[in-house]
Amino acid sequence: MAGVAKKIKRRVLFLLASFTLLFFLLTVRLFQIQIVNGAEYQQKAIEQWTRDVPIPSKRGIIYDRNGKELATNAPAYEIYVRPVEVTDKESVAQTLSEVLKMDKETLMNKVSANKDTVIIKKKVDSDTVKILREKNIKGLIFVDDSKRFYPQSNFASYVLGFTNYDNQGQDGVEATFEKYLNGFPGRDIKMTDAQGRELPESDRKYYEPQDGLNLILTIDEVIQHFAEKAVENALVENKAKRVTAIVMEPKTGDILAMAIKPDYDNNNPREVPEDLIDQWDSMSSTEQYNALFKIWRNPAISDTYEPGSTFKTITAAAGLEEGVVKPDDKFYCSGSVVVAGRRLKCWRSYNPHGSESFAEGVQNSCNPVFIEVAQRLGKEKFYKYIQAFGFGSPTNIKLLGEASGIVRNVNSIGPVELANISFGQGITVTPIQLITAVSAIVNDGYLMEPRIAKKLVDNEGNTVHEFQPRVVRQVISKETSATMRQILESVVTEGSGGGAYIPGYKVGGKTGTAQKAENGRYVPGKYVSSFVGFAPANDPKVVVLVVIDEPGGASYYGGVIATPVVKSIISDTLRYLDVKPQYTEEEAKKLAKEKVTVPEIRNMKLKDAIKLLEQNKLKYRLEEEQGEPEQDSLVLDQTPRANAKVNEGTVVIIYAKPKE
Amino acid sequence: MPARKKGNIDFTLLITVFILLAIGITMVFSASAASSYLKHNDSYKYLKSQGLYAIISIIAMLIMSRVNYRILGRYALFFVIVSFILLIAIFIPGLGYGAKGAMRWIRVGPLTMQPSEFAKTALIIFMARSLANKKDKVRQFVQGVVPYIILMAIYFLLIILQPNLSMAGSILIITFAMLFAAGARVWHLLVWGIPVIPALIYLVTKESYRLNRWLSFRDPWADPLNTGYQAIQSLLALGSGGLFGLGLGNSRQKFFYIPEAQNDFIFSIIGEELGFIGASTVLFLFLFLIWRGIRIALHAPDMFGCLLATGITCMIGIQVVINIAVVTVSMPTTGVTLPLISSGGTSLLFVMSNIGILLNISRNIKTEGS
C-alpha cells in the first residue's frame, strides 16, 4: 500500500495551511500589541507599577497676636482593612460599627471587598484607635495622620474656619491662607507589585514634605473672649436672631476680635444643626449643604443691612470735611422737612428738636439736620465720600465671601433718596465696611484695609512674611477727624449713646436702629439695632461695632440694647490693654458723691417715671426714634437698668411707647 | 535501494520539542520565582517540580516512541471506555478534585490527573483507527459522520459538566478536523453549523446587547477590575515588552499583576521579558512543530498513522492557537495552557506522550527508493 491517498494528503495540507494562516494572524496581532500600541500599553503599565504616595505635610498652626494657639494639629489615624486577612467578616463589621459608630452594612461591604486594601475611616482619634488595637483584629491597618484641632471649639469660628478630611482649609483663614498653612506634601515614588510591596530595583524616589507656615492673626484671644461673652449675653437677653461684634484697632485696621453668635463648632462643622435633626435624613444632599453653608456664612462680612443712624457719622464727616457745615452752625428742627414734595419726618416729630447746633443735631440724631447737610453737599460730593469710605466695594479683608453692599447708582437717585441715605436708609452695608469707615473717621481720616493676619512664621519662629497695615486712602483731614471724635464723644456724654458711657474713659459713638427690609419693603417688628463706639475718644485704641439682628426682647433700640454690649467690650478691653482711666473733675466729683440705686420705671406712665427719677436725685432724658410718646405713654425701657448703682445726677435715658 | 525496515525518528521534531521544553522550564522559573518565594519561601519550587515533570514526560515520550503505534490502535475502544470511566469518576465524591468551582481532576493519594487530557488522546486514537477502517464510507453522512459526532457529543457533555468549556471546545474542533482529514464531505461537516445560524441571527437582530457583551472582551477596560482584569494585565505585559523585551527575568507583571503567571498567561511574560522577537520566535517554533507533525502525517505508512499524526498535531496546534489568542485578547478569556511551556504535570505528560506517538509514526516512515 502506498501510504496515504492523494485526496487525504490534500486535506491534511489544507489543515497545515489553516494553521499557518492562524499563526500569521496571531503574529500580526502580537506585532500590533507589542510594536504599534506598545508605547501606550507600556505607559499604562508604568502607571500601574508606580506608587506615588503623597506624604502629608504638617499644617501650620494658627496663633493669636500674642502666640496663643487657636488652631493646631492633633494626632489622628486612618484605618484601612485588608479584606483577605479578615476571617470572620460578620463579627469584625459588627465591632467596627460599634466602635466607629458607622453603618454595619457599609462596613460589611468594605471588609468583604474584592480589593487589596480598603479605607474604613479617616481622622480617627487616638483613643478610638487604642480601643481597636486592643481588640487585636487581624487585617486592620492604622496609618498615622493628623487632624485639625481647635482647642476652644466654638471660638472665633468665623475667623478661623475649618478644614476638610484632606486637611485642606474650607473656610475662614484656614481657606484664605491655605497655600501657606498647607506646606508642600512630600512624595514617595516607587515601583511595587500588585499588593503594593516594593519591587527589587524599584528606583525609589523620596521627597521630604515641607511643613506649612504658622499663621499669626491680629485677633487677640483675650479680647475675642470679651467679645464672645458679650455677644452671647446679648443674644440671650434680647432673644435676638443673631449678634455680631467686631473690635478693630483703628490705627492699623487690625481685627482684634470678631465674634458672632450663634456660631458653629470648628471641630465639628458638619454637625447636623439642632433644628434640622428630625428632617435631616429626608433632605437631599444639596439641601443639607445649603443648610450647612447658611451656618458657615460669616455675617460680619457677608450680610448686608441698612445701617440707619450709624451712617450719620459718614454724612457728618463728609459735611465737615467739605466745609458745608461747622459744629456750631445753627439748625432748626420743626419735626419734619419737605423734600421734593415728600414730607420726611424727624424721629422726634412729636417733640421737634427746635433750634440746635450741628453738634447737638448729631447728639440728637436729628434727621432734618442730616438731610440739610446732604443737600448742601449735593449728591455727587456726598457720593464721593460714601465711596471713599469704602461703601459699595469690598474691604478686601482676607476672609471668604465678602459682600459689597448696595449703593445705588448716583445718577439714579433723586432728592428723596439722597435725603434717605443721609440718615442711613436706602443703602446697605456690611458690618466690616461700617467699622472700617468709622475707624477712618476717628483715625485722622486714614481708611485702613482690615487686617486679619499679622505674619507668617516658620517652625523656628523666624518671620517669613509680614502683612503690613495698609492705608487705602485718607478720606478726611486730621482736623475733621478730631472734630468728629469730639462730636461723637458728646453723643455718649450728652446724647443717644449714653448707655456706652464709662467713667474714666472718653467713649465716642453712634447708635442706630433700622427696620429690616425684605423684598423691598420694611417689615414691621423686625429691626437691626447697632452701636459703633470707640475709646479713648481723644486717641482711639479700639473701635467696636455691635449689630443685633432681629432683637425679640422688650426693646429693639440700638441705644438700649447695643450700647451696653459695646460698653462691656470696650471697658474690658481698655482695662486689659492697660489704658488707665482718666477721670474728669466732674467725674471725680461724681465718684465722690453718694451712690444711688436706679429705680424700676419700666411699664410706668411717663410722667410717673419722671417723678420717681427726680425723687431719686437722677436726671432723665427722653429718647425715641420711632414715634412720639405722650405723658401717659408707658415706659418701655430704660438705661441704665433698674438696680444699677450710679452716681447722683446720672442721666437715665427713657424709652417710651410712641403714640398710636 | 531496499527500503529500510526501521527508520530514524524525526530528530528535527525532537530538537524543536526540546527547545520549547527548555524555554518552558526557564520561563516557568522566571514567572514563578517571586510568587513562589513569597508563598512557599522557596523561589525554586516551581522550577523543581516543572523539571521533575519534564524528566517524567521525556521518559514517557521515549517509551511511547518505542511502542508501535499500531498496537495503540488495537486498544482504541478500551481507551475510550477507560476515558469515559475516568470522566464519570470525577463526579464521585472523594475522587473528584478541583479548584475555583471546576472539578477537573481525579486524585488518588498524592497523584492527580486530568481525565480530559486522557480523553482527548483516547478520542484521537479511536477516531484514527475507526476512520482508517471506514475508508470511503466516511463519505456517507449517517455511517461516516454521525457516529463520531455522537461520540464527540458525549465527551463534550461530560467535560462541559466539569465545567471546562475550552477543553470541550478543543475536542469538538479536533473531531471535525479529523473527519475533514479523513475525507468526509465538507457539507456533511458544515451542516452541523446550521442549527447555530438561526440562533446567531436571533442574537444579532433581537438581542444584540448579548452579542455585544460577548464581544466586550475586545474592550477589557470596560470592567478593569473583574472580567477585564486578566486581559488588561496581559496587554500591559506584552506592550511593555516592546520589540526586545525587558530582558529575561525582568518582568514586572509577574509580581502578582498577572496571577499565577507560570500557568495560562505565561506567554504574556515571554512577551514582556523577551519582546516581540522572543514571542514571535516561540510562535514560529510551534508552527515549525506543527509542520513537522503534518509532514509525519503525510508520510505515514498507513491511513491510521496519517490520521493519528494529524489528530495529535491538530490537538497541539489548536491549544497553541487558543492560548495565544486569549493572551493577545483576540478572544474571550478561557483557561487553556500553552503546551510544553505552561507549568502543570498532566498536560505536559500527555503532550509529550502524544509527541512520543508522533515520533513512533515518524520512525515507521519508509524511505522509498528513487
Fill in the blank from the handout: Listed residues B:A279, B:A181, B:A128; largest mean-square fluctuation, Gaussian network over chain B with Cα springs below 10 Å, found at B:A181
Fill in the blank from the handout: Accessible-area loss of at least 30 Å² (1.4 Å probe, chain alone to full protein assembly) applies in region B:287-302 to B:L287, B:I290, B:I294, B:L298
Handout entry: Residue range of chain B that is longest and free of chymotrypsin sites (Phe, Trp or Tyr not before Pro) which are both DSSP loop and sparsely packed (at most 13 other C-beta within 10 Å)
Key = B:92-243
Handout entry: Buried on assembly, region B:172-191 (at least 40 Å² less accessible surface than by itself, 1.4 Å probe)
Key = B:F180, B:A181
Exercise for the section: Nearest 100 Å² is fine: how much accessible area is buried between B and A, summed over both sides, with a 1.4 Å probe? Expected result: 4300
Completion exercise
In whole Å, largest first, the alpha carbons of chain A cover along the principal axes 147, 59, 52
Exercise for the section: With an 8 Å cut-off on Cα pairs and a minimum separation of 6 or more residues, tell me the relative contact order of chain B in percent. Expected result: 30
Completion exercise
The summed charge of the B:A89 Cβ neighbourhood (under 13 Å; Lys/Arg +1, Asp/Glu -1) stands at +2
Exercise for the section: Any chance you could list the semi-axes, whole Å, largest first, of the equivalent ellipsoid that the Cα gyration tensor gives for region B:87-209, using √(5λ)? Expected result: 30, 23, 9
Problem - Apportionment of accessible area to carbon and sulfur, region A:198-272, percent (1.4 Å) - result: 47
Problem - Rounded Å value of the spacing that divides the Cα centres of region A:464-540 and region B:310-343 - result: 90
Practice task
Within the set of other residues whose C-beta is less than 15 Å from the C-beta of B:I266, count the net charge using Lys and Arg as +1 and Asp and Glu as -1.
Solution key: -3
Completion exercise
Charge tally for neighbours of B:S353 with beta carbon under 14 Å away, counting Lys, Arg as +1 and Asp, Glu as -1, is +1
Problem - Those GluC sites (Glu not before Pro) in region A:149-244 that DSSP places in a loop and that have at most 14 other beta carbons within 10 Å - result: A:E201
Fill in the blank from the handout: What helix-only [θ] at 222 nm does chain B give? Using -39500 (n - 2.57) per DSSP H run of at least 4, over all residues, to the nearest 500, the answer is -21500 deg cm²/dmol
Exercise for the section: Report, as an integer, the average count of C-beta atoms from other chains found within 10 Å of each Cβ along B:249-259. Expected result: 4
Practice task
For region A:301-586, with all protein chains present and a 1.4 Å probe, just round the carbon and sulfur fraction of the accessible area to a whole percent.
Solution key: 45
Practice task
Mind listing, in residue-number order, the residues in region A:157-198 that have at least 30 Å² less accessible area with every protein chain present than in their own chain alone (1.4 Å probe)?
Solution key: A:D193, A:A194, A:R197
Completion exercise
Averaged per residue, the 1.4 Å probe accessible area of region A:594-656, protein heavy atoms only, in Å², is roughly 50
Handout entry: Proximal aspartates and glutamates relative to A:K179, as straight alpha-carbon distance under 16 Å, when same-chain residues fewer than 8 apart are discounted
Key = A:D166, A:D171, A:D211, A:D458, A:E466
Practice task
Please go through region B:96-174 and write out the trypsin sites (Lys or Arg not before Pro) that DSSP classes as loop and that have at most 15 other C-beta atoms within 10 Å.
Solution key: B:K100
Fill in the blank from the handout: Only helices counted: for chain A, with every DSSP H run of 4 or more residues adding -39500 (n - 2.57) and the sum spread over all residues, [θ] at 222 nm is -10000 deg cm²/dmol
Practice task
Taking chymotrypsin sites (Phe, Trp or Tyr not before Pro) as candidate sites, keep only those in a DSSP loop with at most 14 other Cβ atoms within 10 Å, then name the longest stretch of chain A containing none of them.
Solution key: A:166-582
Exercise for the section: With a Förster radius of 35 Å, plug the Cβ-Cβ distance of A:A74 and A:N519 into 1/(1 + (r/R0)^6) and report the FRET value to the nearest 0.05. Expected result: 0.15
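The values are calculated or read from the model by the stated rules, or taken from the named source; none is laboratory data. Keep in mind the model is a prediction, meaning the values are calculated, not measured. We place every Cβ from the backbone using ideal geometry, glycine too, and count neighbours over all the protein chains shown. Remember, those area values only see protein heavy atoms, side chains included, never the ligands or the DNA or RNA. Shrake-Rupley method; radii C 1.70, N 1.55, O 1.52, S 1.80 Å.
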